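*Asks:* So that we are looking at the same thing, I have put the structure below in structure tokens.
The values are calculated or read from the model by the stated rules, or taken from the named source; none is laboratory data. Source: prediction; values computed, not measured. A quick note on method: Cβ atoms are made from the backbone with ideal geometry, for glycine too, and the neighbour counts reach across all protein chains shown. Protein only, heavy atoms only, side chains kept; ligands, DNA and RNA dropped before computing areas. Shrake-Rupley method; radii C 1.70, N 1.55, O 1.52, S 1.80 Å.
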Amino acid sequence: MRAATATQIWISQRERRQYALAVGLGLGLAGAGLGLMIAVLGPLLALAALLGGLAGLYVITELRAALYAIIATVLLLPFGVFPVKIALTPTLLDLAFAGFLLVYVMGWMRGERAGLRFAPPQAMIAVYVMWLIFAFALGLRHAPPTSTAIRQFAETLLSISLVFILVDLLHDRAMLRRLVLVVLLLVGAQAMLAVALYAAPDSFAEALLVRLSRIGYPDGGVIRYIEDNPALGERAIGTWVDPNALGGILASAAAMIAPQLFSRQPVLRSRWLTRLVCAATFLALLLTNSRASFVALAVGLLAMALLHYRRLLPLLLLGGLLFFLLPQTQSFVERLRQGFAGEDLAVQMRIGETSDSLRLISRYPLVGVGFTGSPDIDIYTDVANLYLIMANQIGLTGLLIFLLTMASIFVYGERAWRFVKSAPDFAAIHLGYHAALLTALVNSAADLYFFRLDFQSSITWFWLIVALCIASSRLSIPQARGKKAAIASASSLL
């Protein structure tokens with residue numbers, strides 16, 4: 001702000017000729033730069049770069065905009081990288097984080113912030129972070145780290161640090177409500193894009209997605225099929241490349257926004273638009289053919305209905321009956337049956353991975369093997385289960401710390417729920433955040449993307465949900481205590 005004022009004063013003091021010369025030079029340089037971008041990147045990417053640059057300038061001046069940029073990058077362009085290599089090639093998520101942290105730190109330097117807000121579950125998260133660093137260091141005994149492994153591990157720590165920053169930053173309920181609105185709109189856009197690409201001819205959809213290769217996406221073979229067999233049918237991927245990763249995001253986001261269908265004061269006044277987004281998200285989730293994500297969402301919605309929204313129970317029952325009876329869903333129902341019976345190839349492969357994982361855990365039970373590689377050639381760390389891959393890489397000790405951390409968040413949320421459930425404007429927000437976390441944890445029993453280092457957007461999304469759960473609980477408990485204290489004080493005066 002001071003820089004802008006100083007620039008205005010400097011311009012006002014110039015002569016007209018100097019002012020005209022400066023304007024002409026600026027326009028000439030801008031035109032030359034735009035022409036160069038069009039020649040190198042093409043008109044579409046040049047326009048995107050121009051809009052991205054303008055958005056970046058706004059982001060570094062407004063903290064909320066910087067946070068929205070992180071969420072937008074995670075939900076819409078999770079694997080995008082900066083199109084121009086300058087010594088290194090940062091991801092778009094790295095750039096969004098850099099802008100967010102810059103604005104946050106500048107706020108401290110300008111004296112706009114004083115003191116940090118903490119909540120009890122953050123102590124367990126700090127212990128978890130320290131154990132991750134300890135496990136990474138111990139893992140260096142088995143294999144030296146690559147530059148990619150170091151960068152991805154640092155990005156993971158940065159994603160977890162988001163919890164501490166957001167709990168300090170989100171100091172009123174209006175901000176938490178606004179974040180639900182942002183998620184609703186962005187996940188709706190991703191869901192509709194996923195459905196549109198699924199419905200389009202494969203050649204056309206692939207041609208569109210391959211255009212993203214300029215920003216780090218694959219340049220071919222993008223369309224995904226069930227068991228990689230085109231004869232079994234296509235799977236929706238949106239801009240997430242992997243259908244299971246997209247399924248986990250859609251399921252947890254759907255659990256977050258579903259309470260808005262029943263809230264007395266929804267974040268979006270247009271209820272029909274909220275219904276449209278929820279329907280598109282559910283349809284896109286079905287089209288991913290991610291069975292784990294579908295079951296996880298069902299668990300999240302059932303928990304939500306039992307806890308507060310009893311009106312949801314008949315709808316869930318009706319939806320379940322339609323799902324199992326409609327001809328259009330029979331292929332997915334059959335895949336669910338095969339999955340639970342262990343009959344298809346994907347489940348059989350996961351059973352084999354589980355057996356190998358248990359053998360690794362038996363050899364390195366306490367601290368795991370770290371993040372740089374397996375010490376034995378007959379075992380590997382990847383397994384389609386977050387809890388098993390955690391045990392592989394950070395040991396049973398690290399897994400126990402993680403589970404205790406998650407338990408502390410739900411216990412803290414339950415304490416806050418006693419006060420929140422009577423507030424119609426905030427109950428849906430608080431419940432939606434915790435339902436999203438429960439959905440993500442259930443989904444993690446058959447997927448690993450919320451922990452796998454090369455899926456940084458999934459990791460960031462998971463810890464963003466954690467931060468929102470803690471922030472909503474922290475805002476509720478002190479306010480309720482303040483009301484109780486006021487009532488007690490008034491009673492004593494009487």
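*Asks:* Using the basic label-point model (7 angstrom from Cα toward the beta carbon), what is the S355 to L306 distance in nanometres?
*Replies:* The answer from the label model is 3.4 nm.
*Asks:* Once amide H atoms are placed 1.01 Å from N in the peptide plane, what residues at a sequence separation of 5 or more from R235, or on another chain, have their amide H within under 5 Å of its amide H?
*Replies:* R224, Y225, I226
*Asks:* Viscosity 1.002 mPa s, temperature 20 °C: give me the Stokes-Einstein translational D for the range 208-308 in µm²/s, with Rh taken as the Kirkwood radius over C-alpha pairs.
*Replies:* 142
*Asks:* Here's a follow-up. Extension gain T397-A189, at 0.36 nm per residue separation less the Cα-Cα distance, in nm?
*Replies:* Residue separation times 0.36 nm, minus the Cα-Cα distance, leaves 70.9 nm.
*Asks:* Hand me the chymotrypsin sites (Phe, Trp or Tyr not before Pro) from the range 286-329 located in a DSSP loop with no more than 12 other Cβ atoms within 10 Å, in residue order please.
*Replies:* Of the chymotrypsin sites (Phe, Trp or Tyr not before Pro), not one in the loops of the range 286-329 has a Cβ with at most 12 other Cβ atoms within 10 Å.
*Asks:* Say each of D228 and E334 gets a label point 7 Å from the Cα, pointing the same way as Cα to Cβ; how far apart are those two points in nm?
*Replies:* Placing both labels 7 Å along Cα→Cβ, they lie 2.3 nm apart.
*Asks:* What full-extension length gain, to one decimal in nm, is calculated for V210 and R141 as 0.36 nm per residue of separation minus the Cα-Cα distance? Please list the in-between numbers first.
*Replies:* Details: separation 69, 0.36 × 69 = 24.84 nm, distance 3.99 nm.
Net length gain for the segment: 20.8 nm.
*Asks:* Tell me, what is the percent relative contact order of the range 361-405, built from C-alpha pairs under 8 Å that lie six or more residues apart?
*Replies:* 47
*Asks:* Name the residues whose placed amide hydrogens come within less than 5 Å of the amide hydrogen of G368, ignoring near sequence neighbours (fewer than 5 apart) on the same chain.
*Replies:* G395, L396
*Asks:* Hey, can you find the accessible area per residue of the range 127-205 for me, probe 1.4 Å, expressed in square angstrom?
*Replies:* Values: 3290 Å² over 79 residues.
Per-residue value: 42 Å².
*Asks:* Calculate the all-directions average of the projected area of the range 127-221's alpha-carbon convex hull, and give it in nm².
*Replies:* 9.8
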